[in-house]
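See structure below.
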Amino acid sequence: MDHFHYRNRILHCEDVPVRQLADLYGTPLFVYSKATLLHHLGEIQKAFAEVDPLICYSIKTNGNLHLCRLLSEAGSGFDVTSGGELYRALNAGGSGDKIVFAGVGKTDSEIRYALENDVFLFNVESEAELHNLADVARGVGKAAGAALRVNPDLPPKTHAKTDTSVKGVKFGLDIDTVLDVAKGVVGNPHVRVVGLHMHLGSPILSAKPYQEGVAKGLILIDRLRDMGHPISVLNMGGGFGIHYRKREAQPASAFAEVIVPAVRKAKCRLVLEPGRFIVGNAGILVSRVLFLKESGGKQFLIQDAAMNDLIRPTLYDSFHRIWPAEPPEGLPAPPDDFEAEIPQTLKQDVVGPVCESGDFLAKDRCLPVLKRGDVLATFSAGAYGMAMSSNYNSRPRAAEVLVDGGRHRLIRRRETHEDLIRPELEV
Ligand code: LLP
């Protein structure tokens, strides 16, 4: 469910025509729907309500303060993975007791910063990190709460670059080493091992890996308790997939069905770290057509958004639906299937102005023949869009706008050329 829909052949975000936003704020532009954002957080809250989970929105997905503030006000905590993300989370109204801190390479100063803010749990990914955490906590006279992140060694389930629970990735403790590692800190007054964490990968379109992961987790929780660690938290991470193509994703309830019974059995507090599920379909990337070009037997649609705005297609071969905000007469608004042959369209590569052959948003995509100035929407761009954007080719980062019913407001201004060089002048 999202609030980007065609009304009388005109794409709206909630009640606002998208072209109007492009005219007002310029392009490339990220447009977010408040109702969609809160709806998806609500879906997870509802699906898991019976175990009263702590939902820690994974701020790496989209860290815009205004979006994070809405989520925080709606009850969400945060999953952070750097000092910068912690800073963002705190500035968005997050409080330490609802923040979990992940990542394989936390620095001492990041750990101290997190301890100062009394973060709920550090998700610990190696033996060396666990001992370092205890040392840093001792240095500041505190005891750090820790969840051991286990790599449950499951079959591949998503893109190789984002699968985090297969053998041989840098994440988590190998499942057969967790107990030995845990033994090493029994009785250590500066680290309290109170949780077990896993994040299986992203995006995951089936509940099966969670079922397999949680089963392995239950066994470990028993063993850790036998050893004297008072495990009271099971953190199942994020990873819930979304609709990028058609209706391929599972509802939150499908994941709840396999996770909730295990949480009850383990008598643990459940933590979840969803990112994409909450914000992915709450945002689109809006761009304008610059030129059409034919070369080497291929058609190119050159528009003003590029790989620096949305890197997912070139990095992961990701599919994003793309369609004009106001399609020409005779064309669907929008098509049912963006991957099928669509009458009155031409197969085109949707590319941007960046100087790389890998600068594309789509390849061989059926799209109408458009003209300069036409507005295009790239859907499902709310997650890992702006968050992974860069200034490559010295392109100022896009603006971001939030729509709420018939109202809209800028939530990040477009960067300027001055922004690009300022840190080099301030030396
Ligand atoms: N928790 C941890 C420890 C994570 O590493 C991640 C994502 C999440 C939660 C949130 O996962 P989500 O619910 O959003 O699937 N850039 C890639 C995705 C990388 C995911 C990194 N970790 C993409 O654009 O597909």
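Hey, any hits in the stretch 50-57 for a residue that's surrounded by 15 or more Cβ atoms within 10 Å (Cβ to Cβ), more than 11 Å from the ligand (Cβ to nearest atom) and more than 22 Å from GLY201 (Cβ to Cβ)?
Yes, the stretch 50-57 contains at least one residue that is surrounded by 15 or more Cβ atoms within 10 Å (Cβ to Cβ), more than 11 Å from the ligand (Cβ to nearest atom) and more than 22 Å from GLY201 (Cβ to Cβ).
Checking GLY239 against (1) at positive phi; (2) surrounded by fewer than 18 Cβ atoms within 10 Å (Cβ to Cβ), only one condition comes out false. Which one?
(2)
Given the structure, is ASN308 in contact with a Lys or Arg (Cβ under 6 Å, 6 or more places away or on another chain) and either within 16 Å of the ligand (Cβ to nearest atom) or in the same structural domain as LEU38 (by TED's automatic domain parsing) (or both)? Working first, answer last.
Numbers: in contact with a Lys or Arg (Cβ under 6 Å, 6 or more places away or on another chain): yes; either within 16 Å of the ligand (Cβ to nearest atom) or in the same structural domain as LEU38 (by TED's automatic domain parsing) (or both): yes.
Against the criterion (in contact with a Lys or Arg (Cβ under 6 Å, 6 or more places away or on another chain) and either within 16 Å of the ligand (Cβ to nearest atom) or in the same structural domain as LEU38 (by TED's automatic domain parsing) (or both)), ASN308 qualifies.
Would a scan of the stretch 300-314 turn up a residue that is surrounded by fewer than 22 Cβ atoms within 10 Å (Cβ to Cβ) and either under 30 Å from GLY77 (Cβ atoms) or modelled with pLDDT under 95 (or both)?
yes
Criterion first (of a type outside the set (Ser, Thr, Tyr) and free of Cβ contacts under 8 Å to residues at least 60 places away in the same chain) does ALA49 satisfy it?
Working: of a type outside the set (Ser, Thr, Tyr): yes; free of Cβ contacts under 8 Å to residues at least 60 places away in the same chain: yes.
So ALA49 passes the test.
Go through (1) in a helix (DSSP H, G or I); (2) closer than 18 Å to GLY237 by Cα and name the single condition VAL150 misses.
(1)
Need pairs with beta-carbon distance below 8 Å; first residue outside the structural domain of THR164 (by TED's automatic domain parsing) and within the stretch 97-110, second open to solvent by 70 Å² or more (accessible area, probe 1.4 Å); sequence gap 6+ or separate chains.
Here the result reads none, with nothing in the stretch 97-110 linked to a residue that is open to solvent by 70 Å² or more (accessible area, probe 1.4 Å).
Filter the stretch 166-195 down to the residues that are within 16 Å of the ligand (Cβ to nearest atom) and outside any strand (DSSP E or B) and list them by number. Before you say what the answer is, go through the steps one by one.
Restricting attention to the stretch 166-195, the residues satisfying the condition of being within 16 Å of the ligand (Cβ to nearest atom) are 166, 169-173, 195.
Result: VAL166, VAL169, LYS170, PHE171, GLY172.
The values are calculated or read from the model by the stated rules, or taken from the named source; none is laboratory data. Since the model is a prediction, treat every value here as computed from it, not as a measurement. Cβ coordinates were reconstructed from backbone atoms using ideal geometry, including for glycine residues, and neighbour counts include every protein chain displayed. The protein model used for the area step is the full one, side chains on, heavy atoms only, and it has no ligands, DNA or RNA in it. Shrake-Rupley method; radii C 1.70, N 1.55, O 1.52, S 1.80 Å.
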